[in-house]
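**Q** My structure is below; once you've seen it, I'll send some questions.
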Amino acid sequence: DGQVSGDNSAQPTTGGRNVVFIYHSHSRESWFPEVKSTKTAESATTNITLLGKRLADKLQANGIGALHSSEDYVTAIKNYNWALSYKYSKKTVTEALAVNKDLKFFFDIHRDSQHRKETTTTIGGKSYAQVFFIIGHANPDWRKNEAFAGEIHEALESRYPGISRGIWGKTTASGNGEYNQSVSPDSVLIEVGGVDNTLEESYRTIDALAKVITEIYWNAEKVNTNLGAGL
């Protein structure tokens with residue numbers, strides 16, 4: 001379990017351990033070009049959970065055990081209240097942690113409400129949905145989460161210049177303010193594109209994210225292994 005088939009037998013794996021958890025506090029977020037709606041970019045089926053699944057699949061293919069929750073809170077929660085989205089998703093995260101003690105990286109994947117010119121870039125002649133990292137300053141240890149987001153941002157920008165819109169710190173004055181980030185220093189909310197991006201553009205960005213997250217994870221593992229060997 002955890003081994004990857006194919007010619008690249010030297011590729012490291014987490015040996016069946018799940019170390020990444022991907023979820024969506026707003027699981028119905030979608031895109032106008034995909035839902036063909038002029039009123040709201042939401043869908044019960046064609047939505048942000050497709051991006052989470054793709055990220056999990058790509059990480060798994062890179063030997064990294066990843067879990068993905070596509071929980072649709074609108075139907076799963078009795079008397080659903082959008083304002084309590086992060087309360088619902090925190091329960092999802094803590095339940096996953098309870099049975100997967102090795103979980104380290106946590107990604108809440110969203111899409112922004114901004115329009116195309118604010119959320120799209122062209123790299124190598126192809127259009128990409130841009131990413132935006134959101135850090136909740138209501139989390140007392142937010143600087144650790146910001147450092148984690150910064151590591152992903154820097155790695156993305158070095159390989160795909162212009163793909164990241166940067167990091168936005170938010171307080172309770174402009175949103176939830178915590179975003180389940182006190183669960184782990186390696187927990188971050190990532191906006192991928194906006195309401196006018198296409199699934200194809202978003203998938204390109206997810207593939208870029210998967211490459212960068214894979215590198216960051218294995219580099220961290222090397223550091224931990226070396227530290228352990230030095231004790």
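**Q** With farther than 26 Å from Gln11 by Cα, touching a Gly at 6+ places or on another chain (Cβ under 8 Å), surrounded by 14 or more Cβ atoms within 10 Å (Cβ to Cβ) and touching a residue at least 12 places away in the same chain (Cβ under 8 Å) as the only criterion, which of Ser89, Ser70 stands out?
**A** Just one listed residue meets the conditions, Ser70.
**Q** Further question on the same structure: In the stretch 137-150, what residues are touching a helix residue (DSSP H, G or I) at 6+ places or on another chain (Cβ under 6 Å) and modelled with pLDDT of 95 or more?
**A** Asn145
**Q** Then there is this: If you go through the stretch 25-41 one residue at a time, do you hit one that is under 25 Å from Tyr217 (Cβ atoms) and within 19 Å of the chain's Cα centre (by Cα)?
**A** Taking every residue of the stretch 25-41 in turn, at least one turns out to be under 25 Å from Tyr217 (Cβ atoms) and within 19 Å of the chain's Cα centre (by Cα).
**Q** Any residue at all in the stretch 74-93 that's assigned to a helix (DSSP H, G or I), more than 23 Å from Ser43 (Cβ to Cβ) and of a type in the set (A, V, I, L, M, F, W, C)?
**A** Taking every residue of the stretch 74-93 in turn, at least one turns out to be assigned to a helix (DSSP H, G or I), more than 23 Å from Ser43 (Cβ to Cβ) and of a type in the set (A, V, I, L, M, F, W, C).
**Q** Does any residue of the stretch 154-173 turn out to be open to solvent by 40 Å² or more (accessible area, probe 1.4 Å), at pLDDT below 95 and in a helix (DSSP H, G or I)?
**A** Checking the stretch 154-173: at least one residue is open to solvent by 40 Å² or more (accessible area, probe 1.4 Å), at pLDDT below 95 and in a helix (DSSP H, G or I).
**Q** Within the stretch 174-199, work out how many residues are open to solvent by 10 Å² or more (accessible area, probe 1.4 Å), in a helix (DSSP H, G or I) and not β-branched (Val, Ile, Thr).
**A** Residues flagged as open to solvent by 10 Å² or more (accessible area, probe 1.4 Å), in a helix (DSSP H, G or I) and not β-branched (Val, Ile, Thr) within the stretch 174-199 amount to 3.
The values are calculated or read from the model by the stated rules, or taken from the named source; none is laboratory data. Not measured: the values here are computed from a predicted model. In this analysis, Cβ positions are derived from the backbone assuming ideal geometry, glycine residues included, and neighbour counts consider all displayed protein chains. To get the accessible areas, we keep the full protein, side chains included, count just its heavy atoms, and leave off ligands, DNA and RNA. Shrake-Rupley method; radii C 1.70, N 1.55, O 1.52, S 1.80 Å.
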